[in-house]
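A short worksheet on the structure shown next.
The values are calculated or read from the model by the stated rules, or taken from the named source; none is laboratory data. Small disclaimer: the values here were computed from a predicted structure and weren't measured. Because the Cβ atoms are built from the backbone with ideal geometry, glycine has one as well, and the counts that use them run over all protein chains shown. Surface accessibility is based on the protein's heavy atoms, side chains included, excluding ligands, DNA and RNA. Shrake-Rupley method; radii C 1.70, N 1.55, O 1.52, S 1.80 Å.
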Amino acid sequence: MDLKLLFITLLGIICCSSAQQEGNECIKANALSCGECIQVGAKCGWCTDTEFLKQGEPTSARCDELESLRKRGCDKIENPHGSQRILKNKAVTNRKKGAEKLRPEDITQIQPQKLSLNLRSGEPQNIKLKFKRAEDYPIDLYYLMDLSYSMKDDLENVKNLGTSLMKEMSKITSDFRIGFGSFVEKTVMPYISTTPAKLLNPCTGDQNCTSPFSYKNVLKLTSNGEQFNSLVGKQQISGNLDSPEGGFDAIMQVAVCGEHIGWRNVTRLMVFSTDAGFHFAGDGKLGGIVLPNDGKCHLENNVYTMSHYYDYPSIAHLVQKLSENNIQTIFAVTEEFQPVYKELKNLIPKSAVGTLSANSSNVINLIVDAYNSLSSEVILENSKLPEGVTITYQSRCKNGVVNEGENGRKCSNISIGDEVSFNINITAQGCSKQVKPESIKIKPLGFTEEVEILLNFICECECHKHGIKNSDMCHNGNGTFECGACRCNKGRVGRQCECRKDEVSTEDLDKNCRKDNGTDICSNNGECVCGTCECKKRDNPEERYSGKFCECDNFNCDRSNNKLCGGHGRCECRVCICDANYTGSACDCSLDASTCLASNKQICNGRGICECGTCRCTDPKFQGPTCEICPTCPGVCTEHKECVQCRAFGTGEKKDTCERDCSYFNLIKVKDRDKLPQPVQAFPLMHCKERDANDCWFYYTYAVNNTEKEVHVVEALECPAGPDIIPIVAGVVTGIVLIGLALLLIWKLLMIIHDRREFAKFEKEKMNAKWDTGENPIYKSAVTTVINPKYEGK
């Protein structure tokens with residue numbers, strides 16, 4: 001338990017210390033001017049009151065948190081705030097397909113277009129951008145095709161692509177242009193064969209192929225589909241030696257040669273069609289090419305002429321150029337190379353991959369599907385940020401979906417006419433080194449429109465403009481008096497710039513910083529600068545040293561309840577200055593007697609004395625904050641019976657309102673009556689014995705220990721023993737059986753006695769009877785004697 005308490009205490013100290021450190025950036029900065037102060041953070045302010053600093057406090061003490069400055073009595077605080085101003089705010093375009101045709105530059109999809117921000121260090125500025133996909137927005141599509149020999153059958157299907165694609169895209173936009181370019185490979189070994197015959201016709205057998213080339217711009221962007229069909233129909237297949245093609249060279253030229261290609265400031269799509277992989281930066285070494293690609297246009301007569309001089313571009317270089325020129329790429333590749341180009345898609349923002357059939361017959365559906373997929377997502381990107389500037393995004397998309405972090409840059413599933421918004425926070429830390437305002441640009445990937453944001457940094461306070469150079473208030477003009485303090489000229493130090501740097505610390509000056517000619521300089525709580533003590537700063541901004549010799553502080557006064565001056569006063573030079581109605585060395589004695597009033601409006605219930613806002617009871621039987629509690633007075637047991645009963649056993653009249661009415665004491669259960677506490681001298685205690693509705697007894701004690709009411713209760717009820725049903729029933733049944741048997745025996749005995757008496761009586765009467773011996777006259781004998789007449793008796 002002790003270890004746990006120690007751990008909690010240490011944790012509290014660490015947390016408090018951490019909180020103090022975090023909130024102390026203004027003090028830690030040691031800012032010597034208002035401009036330096038406001039660069040520390042948005043919480044910092046500068047006090048311009050000339051009388052603000054106490055003796056011993058350095059100039060940097062003027063820089064503190066705003067609330068701390070107000071508590072210290074400063075009412076003149078310099079605290080500039082950032083602001084923003086919209087310079088161009090053209091509304092997004094609302095129009096339907098078939099309406100009056102607008103020039104691309106007259107169509108607006110993002111609003112506002114230009115802003116100016118004034119940034120205060122550490123204070124974010126929030127701007128809201130609105131994006132709406134315009135209907136019937138113009139589209140430029142450039143078809144870049146691999147013309148190596150393996151794409152021979154694909155070329156046949158592409159020859160009629162112009163008019164067919166024009167017809168299909170007319171369902172999306174009425175302003176559509178298409179162009180065509182082709183590529184093969186670098187014209188050096190080992191990518192192609194450099195023998196004279198192969199340079200004329202790189203194909204084998206009787207195949208008639210054109211000479212190999214790196215990239216050729218066949219058709220500038222045009223709205224004439226027939227012209228596309230005508231020029232593409234004249235193209236011939238070429239050939240090379242290795243499988244990967246030089247498509248990256250072609251993509252780079254399409255991206256950077258805007259004038260040759262004819263790109264407008266509209267939706268720019270490039271379809272990259274191939275059935276092979278690609279070479280990238282470093283592969284040029286195989287042909288002895290080591291110069292990295294310069295990312296510039298090198299087209300002469302619409303042919304790339306520097307393929308033998310510059311290496312292939314890297315993927316990162318392509319991403320940069322495609323993004324700069326707002327080109328969205330559609331990779332139309334065969335099934336075999338889908339995994340490779342899907343990985344490439346993950347590296348190139350606003351790109352898509354479609355599966356090209358073996359002969360490119362599905363290319364139109366592929367382009368339309370890919371365009372719908374790309375245009376349904378808007379992703380914001382920003383230009384390089386100035387040093388110390390950070391930016392965060394939050395998107396509010398369709399159906400109320402809110403995204404933050406990296407996902408806050410984009411919204412998906414946007415249909416034509418849908419409107420989404422972005423909340424963007426821009427924060428500066430410190431002040432830019434650039435004299436002129438800096439700017440950043442935010443734009444949706446794949447779109448030419450952008451938002452320009454001019455950044456102006458607040459590097460100085462407003463009061464800086466009214467500074468007095470070489471002021472007499474700064475020791476004979478050795479500094480500029482601005483914002484309530486001196487900003488010393490170079491080589492001067494001190495609150496009033498009264499010393500040169502080379503004389504800051506000398507023995508004679510140090511004597512002025514020793515109290516009573518002692519040995520401690522500035523009481524070991526500060527430094528001696530120009531013969532004047534400048535007191536140290538504490539980590540906690542609320543704690544400060546002061547005084548001529550830094551002998552005073554505002555944190556070493558007496559404490560009460562772990563609060564400085566009891567929380568009812570302020571500490572000045574290690575002595576508590578108490579608030580009204582409080583006294584004592586720690587301001588812990590209240591002179592307000594209202595806290596001693598009992599319910600009968602008497603001070604301490606008439607049974608005590610009010611001392612420092614607390615009752616001291618003079619009658620030993622009474623206790624509590626107002627001497628109203630008497631644990632041993634008659635009626636205590638009855639008063640608390642119902643609450644003890646409901647809390648200990650869940651019964652009684654208050655069982656339904658127990659939590660509300662009976663939470664005024666601490667309940668402690670014990671096993672038996674011997675465990676109940678016994679009366680002691682420290683505090684009165686009452687033993688109680690009460691009976692519930694079931695005639696059960698329960699025992700408890702009631703006591704008040706230091707205003708804490710405690711009830712100890714025996715956890716088991718003492719109830720009278722109930723009758724034993726089984727013996728009673730058995731006894732009753734047995735009794736009934738025995739009584740029945742006894743009655744039967746008695747009846748039988750009586751019957752026997754009765755029968756014997758009757759028989760004896762019969763016998764007696766029989767003996768006394770005199771019977772007549774004469775015969776019955778009507779009696780006839782049952783014997784008949786027959787005599788045979790012939791019988792002669794012989």
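Please compute the per residue accessible area over the chain with all protein chains in place, 1.4 Å probe, rounded to a whole number of Å².
Values: 44080 Å² over 794 residues.
Solvent-accessible surface per residue comes out at 56 Å².
How much accessible surface does MET751 have with a 1.4 Å probe, in Å² rounded to 10?
For MET751, solvent-accessible area is about 70 Å².
So if the hydrodynamic radius of segment 101-246 is defined as the Kirkwood radius over C-alpha pairs, what does Stokes-Einstein give as its diffusion coefficient at 37 °C and 0.692 mPa s, in µm² per second?
Working: Rh = 18.8 Å.
In µm²/s, the coefficient rounds to 175.
Find how many whole Å separate the alpha carbon centroid of segment 163-205 from the alpha carbon centroid of segment 125-149.
Each part reduced to its Cα centre gives a spacing of 23 Å.
At most 11 other C-beta atoms within 10 Å and a DSSP loop state: those are the exposed chymotrypsin sites (Phe, Trp or Tyr not before Pro) I care about. Give me the longest piece of the chain that has none.
Values: sites that count: TYR664, TRP771, TYR779, TYR791.
With a cap of 11 other Cβ atoms within 10 Å, the longest stretch comes to 1-663.
Looking at segment 370-402, which trypsin sites (Lys or Arg not before Pro) are DSSP coil and have at most 12 other C-beta atoms within 10 Å of their C-beta?
Details: sites: LYS384, ARG396, LYS398; in loops: LYS384.
The qualifying sites are LYS384.
Volume per residue, Å³, of the convex hull around the alpha-carbon atoms of the chain? Walk me through the intermediate numbers first.
On the way: hull volume 530.9 nm³, N = 794.
Looking at the chain, the number lands at 669 Å³ per residue.
Semi-axes of the equivalent ellipsoid of segment 453-516: what are they in whole Å, largest first, if each equals the square root of 5 times a C-alpha gyration tensor eigenvalue?
On the way: eigenvalues 201, 36, 24 Å².
Its equivalent ellipsoid spans semi-axes of 32, 13, 11 Å.
Given a 1.4 Å probe and heavy atoms of the protein chains only, how would you sort THR59, THR390, largest accessible area at the top?
Numbers: THR59 15, THR390 75 Å².
The ranking, largest first, comes out as THR390, THR59.
Compute for segment 147-376: radius of gyration divided by Kirkwood radius, i.e. Rg/Rh, restricted to C-alpha atoms, rounded to two decimals. Could the numbers behind the result be given before it?
Working: Rg = 16.7 Å, Rh = 17.9 Å.
For segment 147-376, the value is 0.94.
Taking the Cα centre of each part, how many Å lie between segment 22-72 and segment 521-585?
Computed from Cα coordinates, the inter-centre distance equals 18 Å.
What is the Cα centroid distance between segment 334-368 and segment 434-485, reported in whole angstrom?
51 Å
Give me the percent relative contact order of the chain, please, defined on Cα pairs under 8 angstrom at least 6 residues apart.
Working: 1557 pairs, mean separation 75.0, N = 794.
Dividing the mean separation by the residue count of the chain yields 9 percent.
Counting Lys and Arg as +1 and Asp and Glu as -1, each charge on the Cβ, what is the dipole of segment 251-355 about the Cα centre in debye, to the nearest 20? Write out the running numbers ahead of the final one.
Details: 8 positive and 10 negative charges, 71 e Å.
Here the size comes out at about 340 debye.
What is the local net charge at ASP661, summed over the other residues whose Cβ is closer than 15 Å to its Cβ (Lys, Arg +1; Asp, Glu -1)?
On the way: positive: LYS641, ARG647, LYS654, LYS655, ARG660, LYS709; negative: GLU639, GLU642, GLU653, ASP656, GLU659.
Within the 15 Å Cβ shell, the charges total +1.
Going by a ≥ b ≥ c, the root eigenvalues of the Cα gyration tensor, does segment 555-601 fall in the rounded group (a/c under 1.5), the prolate group (a/b larger than b/c) or the oblate group?
Prolate, since a/c reaches 1.5 and a/b exceeds b/c.
Going through the cross-link list LYS130/LYS398; LYS132/LYS167; LYS88/LYS130; LYS159/LYS350; LYS641/LYS709; LYS216/LYS296, which pairs have a Cα-Cα distance over 18 Å in this structure?
Details: LYS130/LYS398 13 Å; LYS132/LYS167 26 Å; LYS88/LYS130 13 Å; LYS159/LYS350 27 Å; LYS641/LYS709 14 Å; LYS216/LYS296 16 Å.
Listed pairs above 18 Å: LYS132/LYS167; LYS159/LYS350.
If I compute solvent accessible area with a 1.4 Å probe over the protein chains, what percent of it on segment 147-376 is carbon and sulfur?
On the way: 4780 of 9420 Å².
Solvent-exposed carbon and sulfur of segment 147-376 make up 51 percent of the total.
Take every Cα-Cα distance within segment 428-478, group them into 5 Å bins from 0 onward, and report for each bin the whole-number percent of pairs it holds.
4, 15, 13, 14, 12, 12, 10, 6, 4, 4, 3, 3, 1
Which loop trypsin sites (Lys or Arg not before Pro) in segment 92-137, with loop taken from DSSP, have no more than 11 other Cβ atoms within 10 angstrom of their Cβ? Working shown, then result.
Numbers: sites: ARG95, LYS96, LYS97, LYS101, LYS114, ARG120, LYS128, LYS130, LYS132, ARG133; in loops: ARG95, LYS96, LYS97, LYS101, ARG120, ARG133.
For trypsin sites (Lys or Arg not before Pro) across segment 92-137 that sit outside H, G, I, E and B with at most 11 neighbouring Cβ atoms in 10 Å, the list reads LYS96, LYS101.
Averaging sequence separations of C-alpha pairs under 8 Å and six or more residues apart, then dividing by the length of segment 504-555, give the relative contact order as a whole percent. Write down the numbers at each step before the final one.
Working: 91 pairs, mean separation 15.4, N = 52.
Averaging sequence separation for qualifying contacts and normalising by length gives 30 percent for segment 504-555.
By the gyration tensor of its Cα atoms, with a ≥ b ≥ c the square roots of the eigenvalues, what is the shape of segment 636-714: rounded for a/c under 1.5, prolate for a/b over b/c, or oblate? Each step should come with its number before you reach the end.
Working: a/c = 2.04, a/b = 1.33, b/c = 1.53.
Here segment 636-714 falls in the oblate category.
Pop out the carbon and sulfur fraction of the accessible area of segment 537-687 as a percent, whole number, probe 1.4 Å. Please report the intermediate quantities before stating the final value.
Values: 4130 of 8980 Å².
Answer for segment 537-687 is 46 percent, counting heavy atoms of protein chains only.
Is the C-alpha gyration tensor of segment 446-597 telling us rounded, prolate or oblate? Criteria: a/c under 1.5 is rounded; beyond that, a/b larger than b/c is prolate, otherwise oblate.
On the way: a/c = 2.76, a/b = 1.28, b/c = 2.16.
Here segment 446-597 falls in the oblate category.
Going through the cross-link list LYS43/LYS71; LYS601/LYS654; LYS220/LYS342, which pairs have a Cα-Cα distance over 19 Å in this structure?
Violating the 19 Å limit, Cα to Cα: LYS601/LYS654; LYS220/LYS342.
For segment 178-287, run through the trypsin sites (Lys or Arg not before Pro) and keep only the ones in DSSP coil with at most 13 other Cβ atoms within 10 Å of their Cβ.
LYS234
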